[in-house]
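A.B. asks: Please see the structure below; I have some questions.
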Amino acid sequence: MKNHIKVNGKLLQTNKRFSQLKESQKNWIVPELYNLYHNKMKEIRTTRKLPPHHRDTVISSLYEQIRDREIWIPYGEVKKYMFSKTAKMVKSFKKQFPELSKEIEAEHAKK
């Protein structure tokens, strides 16, 4: 029981991994992560990986939503999962929003 803490009468595992979440929890987190990441890419108008301070805001807002749904997973595990999916999120942005991607690339080419 060294990796557990008691919070609000519930026993929580402090070293939980993303793969140990229930399938329904994963199926909610993954699309939400992609959505937040894509929205941030649209906001700062880029088709590349987000800079560190923007990535941190995406992770923080996702983690807030995870806590609101009472899914317990360490912040570091969410961050690690996001870093592993960054390349896929950028590729999927270009596939989901091809016109916007071309427009943004044209803007960057002009600069």
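A.B. asks: How much accessible surface area, in Å² rounded to 10, belongs to the heavy atoms of Ser101 with a 1.4 Å probe?
C.D. replies: 10
A.B. asks: Would you be so kind as to identify which of Asn15, Ile71, Pro51 lies farthest towards the positive end of the dipole of the chain, taking Lys and Arg as +1 and Asp and Glu as -1 on Cβ and the Cα centre as origin?
C.D. replies: With unit charges placed on the Cβ atoms, the residue in question is Asn15.
A.B. asks: Still on this structure, please answer the following. Roughly how many Å² is the accessible area per residue of the chain, as a whole number, for a 1.4 Å probe?
C.D. replies: Accessible area per residue: 66 Å².
A.B. asks: Still on this structure, I have one more. State the percentage of accessible surface on the range 20-91 attributable to carbon and sulfur atoms; use a 1.4 Å probe and exclude ligands, DNA and RNA. Provide the component values of the computation, followed by the final result.
C.D. replies: Details: 2060 of 4050 Å².
The value for the range 20-91 is 51 percent carbon and sulfur by accessible area.
A.B. asks: Follow-up question, since we're still on this one. For His54, His108, His38, write out the residues from largest to smallest accessible area, computed with a 1.4 angstrom probe and no ligands counted. Walk me through the numbers on the way to the answer.
C.D. replies: Working: His54 35, His108 70, His38 10 Å².
Largest accessible area first, the residues go His108, His54, His38.
A.B. asks: Further question on the same structure: Ordered by residue, what ³J(HN,Hα) values in Hz, to whole numbers, does the range 22-36 give under the Karplus form 6.51 cos²θ - 1.76 cosθ + 1.60, where θ = phi - 60° and Gly and Pro are x?
C.D. replies: So the Karplus estimates, Gly and Pro as x, are 5, 4, 5, 5, 4, 5, 8, 5, 4, x, 5, 4, 4, 4, 4 Hz.
A.B. asks: Nearest 20 debye, what's the magnitude of the dipole of the range 21-110 about its Cα centre given +1 on Lys and Arg Cβ and -1 on Asp and Glu Cβ?
C.D. replies: Details: 19 positive and 12 negative charges, 81 e Å.
Dipole about the Cα centre, nearest 20: 380 debye.
A.B. asks: Return the loop-located GluC sites (Glu not before Pro) in the range 32-111 (DSSP other than H, G, I, E, B) with at most 11 other Cβ atoms within 10 Å of their own Cβ; answer none if there are none. All intermediate terms of the calculation are to be shown ahead of the outcome.
C.D. replies: On the way: sites: Glu32, Glu43, Glu64, Glu70, Glu77, Glu99, Glu103, Glu105, Glu107; in loops: Glu70.
In loop regions of the range 32-111 (DSSP not H, G, I, E or B), the sparsely surrounded GluC sites (Glu not before Pro) are Glu70.
A.B. asks: Determine how many Å³ per residue the convex hull of the Cα atoms of the range 21-110 encloses.
C.D. replies: That works out to 91 Å³ per residue.
A.B. asks: Under 28 Å Cα-Cα from Lys10, which lysines qualify once same-chain neighbours fewer than 8 residues away are excluded?
C.D. replies: Partners found: Lys2, Lys22, Lys26, Lys79, Lys80.
A.B. asks: Moving to a separate point now. Considering only protein heavy atoms, what is the solvent-accessible area of Val78 at a probe of 1.4 Å, reported in Å² to the nearest 10?
C.D. replies: Val78 exposes around 10 Å² with every protein chain in place.
A.B. asks: Rounded to the nearest 10 Å², what accessible area does Lys40 show when all protein chains are kept and the probe is 1.4 Å?
C.D. replies: 30
The values are calculated or read from the model by the stated rules, or taken from the named source; none is laboratory data. No experiment lies behind these values; they were computed from the predicted model shown. Positions of Cβ are backbone-derived with ideal geometry, glycine not excepted, and every protein chain shown enters the neighbour counts. The protein model used for the area step is the full one, side chains on, heavy atoms only, and it has no ligands, DNA or RNA in it. Shrake-Rupley method; radii C 1.70, N 1.55, O 1.52, S 1.80 Å.
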